[in-house]
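S.K.: Can you keep this structure in mind? I'll have questions shortly.
The values are calculated or read from the model by the stated rules, or taken from the named source; none is laboratory data. From a predicted model like this one, the values you see are computed outputs, not experimental measurements. All Cβ positions, even for glycine, are placed from backbone atoms using ideal geometry, and neighbour counts span all protein chains on display. Heads up: the accessible areas ignore ligands, DNA and RNA and are worked out on the full protein's heavy atoms, side chains in. Shrake-Rupley method; radii C 1.70, N 1.55, O 1.52, S 1.80 Å.
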Amino acid sequence: MKAVATSFLLGAVVIYLFARWQESAGAPTWVGFVRAAAEAGMVGALADWFAVTALFRRPLGLPIPHTAIIPTRKNELGSSLGDFVGANFLSTEVVRDKLSRVGIAGRLGQWLSAPGHAERVTEELATAVRGAVTVLRDEDVQAVLEQAVLRKVVDRPWGPPLGKLLGQTFTDGAHHKLVDLLFDRAYDYVLTNEQTLKSLVSDRAPSWSPKFVEGLVADKVYNELLAFAWAVKTEPDHPVRLSLDKFLGEFADDLQHDPDTMARAEAVKQQVVEHPDVQNLVGSAWGAAKKMILNAAEDPSSEFRVRVRDGLRTLGRKLGEDAALRAKVDGWLEGAAVYLVTNYQAEIVTLITDTVERWDGEQTARKVELQVGRDLQFIRINGTVVGALAGLGIHTLSQLLF
């Protein structure tokens with residue numbers, strides 16, 4: 001394009017020289033019109049060449065003021081561009097207007113409802129999950145979990161919260177099923193271990209007592225024990241049950257208020273936390289969770305991917321059918337965009353200014369010239385043509401007037 005624009009200038013020069021030579025040789029009057037048009041065309045071409053060249057470099061290398069504008073003022077231009085983008089593209093009014101007209105929620109619903117799109121999003125999410133889990137180092141995750149879980153357990157006392165929980169449980173009677181199970185098992189044990197229990201009585205009888213007396217005593221003790229176990233099992237208000245309820249209630253209260261009981265609970269907690277199996281539990285739990293996540297992400301038929309896919313389809317269908325939901329989602333997106341623009345506009349604009357500042361001046365001029373230079377060469381061409389027409393018009397008018 002530079003060659004084309006220059007050829008227009010050279011053409012005007014050749015025409016001017018030929019017309020001027022013809023005029024000196026006594027050519028007809030019309031040659032003067034050609035000479036005037038060519039002369040003005042040269043002036044227009046040179047002026048526009050100077051204007052276009054001055055944007056990117058110093059014409060002919062001369063230190064003329066206000067030339068090489070882009071290389072010498074790229075930082076100011078970058079700052080102005082950043083301010084322009086911030087004021088005209090990142091203002092809250094522009095963002096709100098654009099989002100309100102786009103209707104992102106409706107478009108998202110249509111897109112998700114289309115065949116294959118929910119599957120595509122699920123696949124991308126699975127890939128992201130696999131990447132995130134793979135990148136995480138096991139020791140880092142274990143350290144975080146230990147800090148978040150074990151440290152919290154160690155730092156907080158067990159007694160008062162455990163006592164409060166047990167007290168509420170005992171007050172509501174939720175423990176009665178467990179007590180019933182305990183006494184049911186006790187009765188079953190007495191019922192099914194008759195000989196064992198009788199032997200305990202016989203073995204502790206004096207050596208001089210007759211065997212039939214030992215048998216009678218053992219039978220009597222066993223029957224009484226069986227009757228006692230049955231009564232405890234079947235009678236909700238049995239004294240043993242009431243005593244147990246009283247004991248549990250007092251224990252729950254001691255966990256909250258008795259220093260000695262609270263100290264024992266803390267000692268038990270410390271033993272549990274410091275146990276090697278508990279220390280290894282976090283690591284093994286993360287290993288199992290990691291394996292489970294990777295398997296779920298890799299298997300297209302896993303419950304995880306099936307639920308995500310179905311959820312996306314449902315979301316797409318609801319966004320297409322429910323105008324209130326669409327408005328709510330659009331409101332969320334609008335609020336998020338406005339928040340980003342309001343709080344991070346300066347950082348976004350800085351991306352432009354900092355990038356331009358890092359560019360070399362000549363490199364910047366070259367980049368801009370490669371992008372818009374072709375169109376700028378048309379300015380030179382137009383300058384030649386318009387200058388020639390203007391020169392022709394001025395010469396014609398001067399001939400008519402004078």
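S.K.: On a 0 to 90° scale, report how tilted helix 361-401 is relative to the longest principal axis of the chain, with both axes built from alpha carbons and the result rounded to the nearest 10.
M.R.: Between helix and principal axis, roughly 30 degrees.
S.K.: With angles folded into 0 to 90 degrees, how steeply does helix 176-192 sit against the dominant principal axis of the chain? Use alpha carbons for both and round to 10.
M.R.: That helix lies at roughly 40 degrees to the long axis.
S.K.: Taking all protein chains together and a probe of 1.4 Å, list PHE8, PHE247 from the most accessible to the least accessible. Please report the intermediate quantities before stating the final value.
M.R.: Values: PHE8 80, PHE247 120 Å².
Result, largest first: PHE247, PHE8.
S.K.: Let me ask another. How high is the FRET efficiency between ASP375 and ARG58 when r is their beta carbon distance and R₀ equals 22 Å, given to the nearest 0.05?
M.R.: 0.50
S.K.: Of all the accessible heavy-atom surface of the chain, with the other protein chains kept in place and a 1.4 Å probe, what percent is carbon and sulfur?
M.R.: Solvent-exposed carbon and sulfur of the chain make up 63 percent of the total.
S.K.: Let me ask something else. Please find the FRET efficiency linking ILE348 to ALA267, where r is the Cβ-Cβ separation and R0 is fixed at 51 Å, and quote it to the nearest 0.05. Before the final figure, lay out the partial values.
M.R.: On the way: r = 57 Å, r/R0 = 1.12.
So the FRET efficiency works out to roughly 0.35.
S.K.: Another question about this same structure. Using only the Cα atoms of the stretch 1-111, what do you get for the radius of gyration and for Dmax, in Å?
M.R.: My reading of the Cα-based Rg and Dmax gives 25.7, 82 Å.
S.K.: Please work out the Cα center distance from the stretch 219-252 to the stretch 15-40, rounded to the nearest Å.
M.R.: Answer, in whole Å: 133.
S.K.: Compute, for LEU60, the solvent-accessible surface of its heavy atoms (probe 1.4 Å) with the complete set of protein chains present, and express it in square angstrom to the nearest 10.
M.R.: The accessible area of LEU60 comes to roughly 150 Å².
S.K.: Further, regarding this structure: Let me understand the stretch 63-187 better: what is its radius of gyration from the alpha carbons, and its Dmax, in angstrom?
M.R.: Computed over the Cα atoms of the stretch 63-187, radius of gyration and Dmax are 32.0, 111 Å.
S.K.: Between PHE251 and ARG130, what is the label-point separation in nm under the 7 Å Cα-to-beta-carbon projection?
M.R.: 5.1
S.K.: Another question, then. Just to confirm the number: angle between the C-alpha axis of helix 276-298 and the first principal axis of the chain, 0 to 90 degrees, nearest 10?
M.R.: So the inclination is approximately 50 degrees.
S.K.: Specify the inter-centroid distance of the stretch 357-399 and the stretch 177-202, based on alpha-carbon positions, in whole Å.
M.R.: Each part reduced to its Cα centre gives a spacing of 108 Å.
S.K.: Enter the accessible area per residue of the chain (Å², integer; probe 1.4 Å; all protein chains in place).
M.R.: On a per-residue basis, 66 Å².
S.K.: Can you sort PHE170, PHE89 by 1.4 Å-probe accessible area, starting with the largest?
M.R.: Values: PHE170 40, PHE89 120 Å².
Sorted descending by solvent-accessible area, the residues read PHE89, PHE170.
S.K.: Order the following by accessible area, largest value first: ILE70, ILE352, ILE15. Probe radius 1.4 Å; ligands, DNA and RNA are ignored.
M.R.: Result of the area sort, largest leading: ILE15, ILE352, ILE70.
S.K.: On the principal axes of its Cα set, how long, how wide and how thick is the stretch 220-276? Give whole Å, largest value first.
M.R.: That gives 48, 29, 17 Å along the principal axes, largest extent first.
S.K.: Here is a further query. Under a 10 Å cutoff between Cα atoms, tell me which one of PRO300, PRO71, PRO63 has the largest fluctuation in the Gaussian network model of the chain.
M.R.: Answer for the Gaussian network model of the chain: PRO63.
S.K.: Aspartates and glutamates near LYS164 by alpha-carbon distance under 20 Å, same-chain residues fewer than 8 away left out - which ones?
M.R.: Counting by Cα, and skipping residues close in sequence, LYS164 has these aspartates and glutamates nearby: ASP155, ASP172, ASP245, GLU250, ASP253, ASP254, ASP258, ASP260, GLU266.
S.K.: Can you give the Kirkwood hydrodynamic radius for the chain, in Å, rounded to one decimal and based on Cα pairs?
M.R.: Kirkwood radius, the chain: 33.4 Å.
S.K.: Something else about it: Alpha carbon centre of the stretch 120-139 versus the stretch 73-87: separation in Å?
M.R.: 39
S.K.: Starting from one equal scatterer on each C-alpha and no solvent at all, send me the Debye-based log10 I(q)/I(0) for the stretch 48-87 at q = 0.17, 0.20, 0.27, 0.32 Å⁻¹, two decimals.
M.R.: -0.49, -0.60, -0.81, -0.97
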